[in-house]
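**Q** I am attaching a structure below and will ask some questions about it afterwards.
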Amino acid sequence: MTIKALEQAIGGLSNPSKMPGWSYGIPASACKIGAILRKIKRSVCSKCYAFKGMYVFPVVKEAQARRLAILTGDLETWQGDMIQLLSFKYRKKTGDDRVFRWHDAGDIQSEDHFQAIVNIALALPDIQFWIPTKEYDLIRQHAHKAPANLVVRVSAPMLGDTLPMIPGTVGSTVGTGKGFVCGAYTREGKCGPCRACWDKSVEWVDYPQH
């Protein structure tokens, strides 16, 4: 398949201006835990960035909806198409630019979805993957499947709070001032040279509230 055909098959990739690599975003409204937290004052989802800014543009919303629909179908085919597409996309990237974020918007949809993400990482060991998630129960059961190049970073649910560490994962918080404090705000909102989120040795990343 051509790159264009692969992009159509998987619904296209996200290309967040903040980050050095590509991502794959789906509607934030499809977050299972996030949809609950969004109704709770002081939760990290109560003012979710993925319901603001560029994310409200029709073209972005249409692309996210298209990807979500694909994820409800044949995940084995989606997995194979993603492996081929990322192999093409990253063939000229080197070093710290070989990074990919799962879900600049949205979250894991099912056990099968997470397994497909694991399989993609296994097939592409030279790409470093990061997946932030609040799907706590699913991750407790399946985090052990993640290979070395897939960083599962579990997000604390409430502003200013931490959460118990889940074995096989690392964590993130919002507004605690503890751990590695994200400095993107000092670089016009961009990661720049920082790769802390993709680094398993960074146990906690703390973000400012969006």
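The values are calculated or read from the model by the stated rules, or taken from the named source; none is laboratory data. Since we're looking at a predicted model, the values are computed, not measured. In this analysis, Cβ positions are derived from the backbone assuming ideal geometry, glycine residues included, and neighbour counts consider all displayed protein chains.
**Q** Filter the range 177-202 for residues that are in a helix (DSSP H, G or I) and over 21 Å from Ile131 (Cβ atoms); which is modelled with the lowest pLDDT?
**A** As a first pass, look at the range 177-202 and keep what is in a helix (DSSP H, G or I): 184-187, 196-198.
Pick out the ones that are also over 21 Å from Ile131 (Cβ atoms) and you get 185-187.
Values: Tyr185: 88, Thr186: 91, Arg187: 92.
Across the range 177-202, the extreme among qualifying residues is Tyr185.
**Q** Additional query: Tell me, which residue of the range 112-133 that is part of a strand (DSSP E or B) and of a type outside the set (Ser, Thr, Tyr) is surrounded by the fewest Cβ atoms within 10 Å (Cβ to Cβ)?
**A** Taking the candidates together, the pick is Pro132.
**Q** Considering only residues that are farther than 17 Å from His103 by Cβ and in contact with a Pro (Cβ under 9 Å, 6 or more places away or on another chain), which ones fall in the range 136-148? Spell out the reasoning first.
**A** Here is the first cut: in the range 136-148, the residues farther than 17 Å from His103 by Cβ are 137, 140-141, 144-145, 147-148.
Within the range 136-148, Arg140, His144, Pro147, Ala148 qualify.
**Q** Looking only at the range 184-203, how many residues end up being over 16 Å from the mean Cα position of the chain (by Cα), of a type outside the set (A, V, I, L, M) and over 11 Å from Lys18 (Cβ atoms)?
**A** So the answer is 4.
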